[in-house]
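Nothing in this text is a laboratory measurement; each read-out follows from the coordinates by a stated rule. Here the structure is a predicted model, which means the values were calculated and not measured. Note: ideal-geometry Cβ built from the backbone for every residue, glycine included; neighbour counts use all protein chains shown.
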Amino acid sequence: MSEPILYEAADGVARITLNRPDVLNAITPELITAYGAAIERAGSDETVRAVLVTGAGRGFCAGADLNSSGSPNRKMSSGELLRTLYHPAILGMRNMPKPIVTAVNGVAAGAGMSIALAGDIVLAGQSASFLQAFSKIGLVPDAGSTWFLPRLVGDARARALALLADRIPAEEARQMGMVWKVYPDEQLAAEAQALAARLAKMPTRAYGLIKAALNASGGNSLPDQLELEAGSQDIASKTEDFREGVQAFLQKRQPEFKGR
Ligand code: T3D
């Protein structure tokens, strides 16, 4: 049986591929366990400075595998499964102090849509689509969808998406604010790789601080957020990359950031 997650790292970019193409990369406990481990591995590898997540075949991820989710033999309840396997993976993505590009190459449904939206920059192929499939089978959105969606698309759209479970084409998802850019399908992989490679050459420590500040902003008052920014700037302004960035500007050349 092939591995449910493929992991390769080169030139500062870790590429994580959801790999059950016959079932649109539907999530089994084995897949989400391996995915969480891959996220952790990318986070702790100092040579990795950007992460790219995509799906094998014609789908990104069809959410929980309904063969295993619906099985009466399953050992864990839904809540246990989410708490022990999905949450570390989603939180691992959000808390990783490195940028994550999710390249949505086909349908992203249910928890697969949550994984897509947990990326820092979401790209999509023209034929990709987004589907809050949960209510269609009598479930509620999980793996972060009720947190990500209102923030990305606003409350009215989040409610309609969750309640109606309509399949939203990539371009409409971009217009709603879920997706940064949409590319012709045949260009998506190269564009996503180029973007991840570009991010891997940027000031990684500042990126980590930017992610942390944006993560905190939803729950912070303006004074608290200003304080957090000042503290983050204290750290960023002491990095080698800041010194290099200023020198490069003054010398009218491109900076060579080392991620330190
Ligand atoms: O307890 C818990 O686990 C709680 C956690 C829940 C988290 C969740 O994510 S709940 C939501 C689960 N996902 C869904 O309900 C989506 C189900 N899939 C679909 O609605 C459709 O497949 C899609 C809209 C995603 C794509 O449609 P389409 O027409 O492009 O493809 P298809 O023909 O339906 O699917 C292709 C194959 O993948 C097909 O297999 P076959 O007939 O070729 O042998 C289909 O059965 C399989 N597949 C698709 N989604 C799943 C799946 N197999 C298992 N689980 C799936 N989720």
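Here is how the numbers come out for the structure above:
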quantity: All positions within the stretch 70-91 that are within 12 Å of the ligand (Cβ to nearest atom) and surrounded by 15 or more Cβ atoms within 10 Å (Cβ to Cβ); calculated: 81, 82, 85, 86, 87, 90
quantity: Given (1) in a helix (DSSP H, G or I); (2) in contact (Cβ under 8 Å) with a residue 12 or more places away in the chain; (3) among the charged types (D, E, K, R), index of the condition residue 186 fails; calculated: (2)
quantity: Scan of the stretch 44-69 for residues that are within 20 Å of residue 144 (Cα to Cα), surrounded by fewer than 20 Cβ atoms within 10 Å (Cβ to Cβ) and in contact (Cβ under 8 Å) with a residue 24 or more places away in the chain, ordered by number; calculated: 66
quantity: Set 94, 157: member being surrounded by fewer than 24 Cβ atoms within 10 Å (Cβ to Cβ), in a helix (DSSP H, G or I) and under 12 Å from the mean Cα position of the chain (by Cα); calculated: 94
quantity: Every residue from the stretch 41-69 that is charged (D, E, K, R) and more than 17 Å from residue 14 (Cα to Cα); calculated: 58, 65
quantity: Sole exception among (1) closer than 30 Å to residue 217 by Cβ; (2) surrounded by fewer than 22 Cβ atoms within 10 Å (Cβ to Cβ); (3) within 11 Å of the ligand (Cβ to nearest atom); (4) of a type in the set (A, V, I, L, M) for residue 37, by number; calculated: (3)
quantity: Residues satisfying the stated conditions in the stretch 98-123, i.e. more than 13 Å from the ligand (Cβ to nearest atom), touching a Pro at 6+ places or on another chain (Cβ under 9 Å) and aliphatic (A, V, I, L, M); calculated: 121
